[in-house]
1. Quick check on this structure: which one of TYR101, TYR57 is of a type in the set (Ser, Thr, Tyr), over 17 Å from LEU180 (Cα atoms) and either surrounded by fewer than 13 Cβ atoms within 10 Å (Cβ to Cβ) or under 23 Å from the mean Cα position of the chain (by Cα) (or both)?
2. In the stretch 182-191, is there at least one residue being open to solvent by 70 Å² or more (accessible area, probe 1.4 Å), within 15 Å of the chain's Cα centre (by Cα) and more than 26 Å from ILE63 (Cβ to Cβ)?
3. Consider the stretch 229-269. How many of its residues are in contact with a Ser or Thr (Cβ under 7 Å, 6 or more places away or on another chain), modelled with pLDDT under 95 and among the small types (Gly, Ala, Ser)?
4. For VAL26, work out the one condition from (1) in contact with a helix residue (DSSP H, G or I) (Cβ under 7 Å, 6 or more places away or on another chain); (2) surrounded by 15 or more Cβ atoms within 10 Å (Cβ to Cβ) it doesn't fulfil.
5. Please specify each residue of the stretch 141-158 satisfying the condition of being of a type in the set (A, V, I, L, M, F, W, C) and outside any helix (DSSP H, G or I).
6. Among the residues of the stretch 249-290, which ones are touching a Pro at 6+ places or on another chain (Cβ under 8 Å) and assigned to a strand (DSSP E or B)?
7. Out of VAL127, VAL122, VAL84, I need the residue that is β-branched (Val, Ile, Thr), assigned to a helix (DSSP H, G or I), in contact (Cβ under 8 Å) with a residue 24 or more places away in the chain and open to solvent by 50 Å² or more (accessible area, probe 1.4 Å). Which one?
Amino acid sequence: MNYFPRLKNDAAGLWHFVKKPDDIQVHRSSKDKFLLIFNLLIIEIFLHFIIVFPCNYLMENFITVQEAYSLSSLTLPALFLLAVVTAPLLEEFLFRYSLRYHRLFSRFISREKWNKLFPYLVYVSAVAFGLVHLDNYVNDSWKFYALSPLIIISQLSGGFILSYIRVRLNILYSLQYHALWNLLFAIVVPFMILFFTPSFTNHTSRYSIRIEQKAFLLPGDAISLEANIQDDKVYSLKADNYQLQYLLDYLYGTNQHITDEGLVKIRFTSEKGISKEEFLEILKSNYKIK
């Protein structure tokens, strides 16, 4: 089978499962299993571009969502252990291990009744997987909960794809897919984006500033902030491996301004000083800050 017809066939199989989940395991060769994993990865990335990203953009017009914690504050080994090892293990066994009929279940429910119940189990599992990730964000407004389907749409779609893999193949393959997804989008993609992002530099007659971003901490990296601020004027600021959100909180008060940017290294000097408001405008000229 040529690749694109195979990709189309795998997409159709996933769509059929989402519409009407069934507990049927498919026996494939190892090559076909890994090709299915690869195709589902392509499909999920495509879904992010046509559904998830537009929904996130729409949501941002109505509400500011702040992450409860930033993965970039972790060292690379700790981030790998959390995102690529621990989270997939816990979440796959918690949300998807039970999505197959086996000997233990046969003591309590017949196969016929299981088949009738199974679609609801898949839907509940996917929705619960998404809702758990609401804890990743800090917001208690009614808009947050009203827009929660948009906020967790990435996890909802991922929950269905992982359920499909768990049922059609087995729990080990859904675990591998989950770990691969987290590896790519928690570590590899952020690193590649920032690797090709130039530092922000601006030298004027009134001030000099240079800002570099980092995707994550490395073991031994020091976190520090030194600032000379007098009468609401910033004369110098030196930050190493510092969360931009924490810097905004320090300068302007907790959550007065929100950003999802991560670690920064800043070198700023001004002989006569500039106002905090002007310093904020400098940051806004290069970073997304609300």
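The values are calculated or read from the model by the stated rules, or taken from the named source; none is laboratory data. This is a predicted model, so every value here is computed, not measured. In this analysis, Cβ positions are derived from the backbone assuming ideal geometry, glycine residues included, and neighbour counts consider all displayed protein chains. Heavy atoms of the whole protein, side chains included, go into the accessibility calculation; ligands, DNA and RNA do not. Shrake-Rupley method; radii C 1.70, N 1.55, O 1.52, S 1.80 Å.
1. When all the criteria are applied, what remains is TYR57.
2. yes
3. Matching residues across the stretch 229-269 total 1.
4. Of the numbered conditions (1) in contact with a helix residue (DSSP H, G or I) (Cβ under 7 Å, 6 or more places away or on another chain); (2) surrounded by 15 or more Cβ atoms within 10 Å (Cβ to Cβ), the odd one out for VAL26 is (2).
5. Hits for the stretch 141-158 are LEU147, ILE152.
6. Matches in the stretch 249-290: none.
7. VAL127
Quick grid of which residues meet (1) modelled with pLDDT of 95 or more; (2) closer than 27 Å to LEU244 by Cβ; (3) among the charged types (D, E, K, R); (4) not in a helix (DSSP H, G or I):
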site: GLU44; (1), (2), (3), (4): yes, no, yes, no
site: ILE51; (1), (2), (3), (4): no, no, no, no
site: TYR57; (1), (2), (3), (4): no, yes, no, no
site: ILE109; (1), (2), (3), (4): no, no, no, yes
